[in-house]
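The values are calculated or read from the model by the stated rules, or taken from the named source; none is laboratory data. None of these values were measured; they are calculated from a predicted model. Cβ placement follows ideal geometry from the backbone for every residue including glycine, while neighbour counts extend to all protein chains displayed. Heads up: the accessible areas ignore ligands, DNA and RNA and are worked out on the full protein's heavy atoms, side chains in. Shrake-Rupley method; radii C 1.70, N 1.55, O 1.52, S 1.80 Å.
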Amino acid sequence: MDDTSVLVTGGAGFLGSHLCDRLVAAGHDVLCIDNFYTGSRRNVAHLLGKANFELSRHDVTFPLYVEVDRIFNLACPASPVHYQFDPVQTTKTSVHGAINMLGLAKRVKARLLQASTSEVYGDPEIHPQREDYWGRVNPIGTRSCYDEGKRCAETLMFDYHRQHALEIKVVRIFNTYGPRMHPNDGRVVSNFIVQALKGDEITIYGDGQQTRSFCYVDDLIEGMLRMMDSPAEFVGPVNIGNPGEFTMLELAELVLKLTGSRSKLIFKPLPADDPKQRCPDIGLAGEKLGWAPTVALEDGLKPTIAYFKGVLGV
Ligand SMILES: NC(=O)c1ccc[n+]([C@@H]2O[C@H](COP(=O)([O-])OP(=O)(O)OC[C@H]3O[C@@H](n4cnc5c(N)ncnc54)[C@H](O)[C@@H]3O)[C@@H](O)[C@H]2O)c1
């Protein structure tokens, strides 16, 4: 990609702001749009003076008329506390947002990358999850607004591709962490770090033996950029994540070690529909994009902890 104009929806969010950083540094003309539902101007404040960066308030559930070559569609609250706060709006953001971005891509013949999610696999019966696994999703639960909204967005991407020959790219993002995560988003990495830094009890749901894989944000953004630049015939979906599995107890202990905190662990019941295990098979990303994560959990946690220290002023 060079000299292209790029639209990033949800660009003031956690992942979107890191993506804007990379695109601006590479010299692209970047239009970042966001309705600031979970994102913040602070995340992109350092880009506002750049000649090739523009920030605009816009809600993707409404049509947008701009001239761009490429679209990264990231707009959507990503953590359960945020997407369950207004579930109807969450589905609208995924579905109407996808329809509006697809309509825009069709009009201006832009290539469109959709930020999908490992949540499309639901509570999976197979491990690790490959892209050809169809998932096990509850259609009527409290996570469904997000899971089914994202599944419908994928459906729309592939139908526009088949029906209108639109250039699409679908990435399924697994748990990602790093600086600019929300301190109060209820996700396990930010929860543990914030609790440890404040000296509060560290909350473990269930017995702490459920595993998650954690991808550092820089690795994730590299995977997204490679996917956007990959040959048109490779449309995905492709898993982007880190297959290294850690139990919640292992993560808690690592956070305690790196923060030097003396916080105690406490155990609470598992929330509804919480998957016991989720881990990406990243064979396809390796084969098609030459991509694999490079940042070890301990190395990624250090800058993340430093970021949260700044946010909390500790
Ligand atoms: N972070 C992860 O681990 C992860 C995992 C899987 C998928 N994803 C996907 O990646 C994308 C970015 O996630 P994130 O972690 O940066 O979350 P985030 O909440 O930090 O970013 C989402 C951004 O979208 C904006 N937004 C929400 N609704 C909007 C609307 N209607 N119109 C315009 N903007 C809107 C928010 O204000 C925010 O800036 C999301 O689509 C999410 O589903 C993230």
- Note on the structure: Checked the range 229-248 for anything of a type in the set (A, V, I, L, M, F, W, C), crowded, with 17+ Cβ neighbours inside 10 Å and away from the ligand (no atom under 14 Å from the Cβ); matches are V235, F246, M248
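Name the single residue that is farthest from the ligand (Cβ to nearest atom) among those in the range 36-63 being of a type in the set (S, T, Y) and either within 25 Å of Y307 (Cα to Cα) or open to solvent by 70 Å² or more (accessible area, probe 1.4 Å) (or both).
S40
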- Note on the structure: Within the range 280-314, the residues that are of a type in the set (K, R) and within 19 Å of the chain's Cα centre (by Cα) are none
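Where residues in the range 64-79 are within 11 Å of the ligand (Cβ to nearest atom) and over 15 Å from A12 (Cβ atoms), which of them is most open to solvent (accessible area, probe 1.4 Å)?
Checked the range 64-79; the qualifying residue most open to solvent (accessible area, probe 1.4 Å) is L64.
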- Message: Please pick out the residue among D218, D200, D207 that is among the charged types (D, E, K, R), within 16 Å of the ligand (Cβ to nearest atom) and either over 12 Å from L15 (Cβ atoms) or not in a loop (DSSP other than H, G, I, E, B) (or both).
- Response: D218
- Message: When you scan the range 6-25, do you find a residue that is part of a loop (DSSP other than H, G, I, E, B), surrounded by fewer than 21 Cβ atoms within 10 Å (Cβ to Cβ) and within 11 Å of the ligand (Cβ to nearest atom), even just one?
- Response: no
- Residue selected from the range 138-191 under the condition of a type in the set (S, T, N, Q) and in a loop (DSSP other than H, G, I, E, B), by the criterion nearest to F214 (Cα to Cα): N175
- Query: Is it the case that the range 28-35 has a residue that's more than 9 Å from the ligand (Cβ to nearest atom), open to solvent by 10 Å² or more (accessible area, probe 1.4 Å) and in a loop (DSSP other than H, G, I, E, B)?
  - Reply: no
- Item | Filtered residue count, the range 284-293, keeping only those that are within 15 Å of F174 (Cα to Cα) and open to solvent by 40 Å² or more (accessible area, probe 1.4 Å) | 2
- Can you tell me which residues in the range 101-127 are open to solvent by 30 Å² or more (accessible area, probe 1.4 Å) and touching a Ser or Thr at 6+ places or on another chain (Cβ under 8 Å)? none
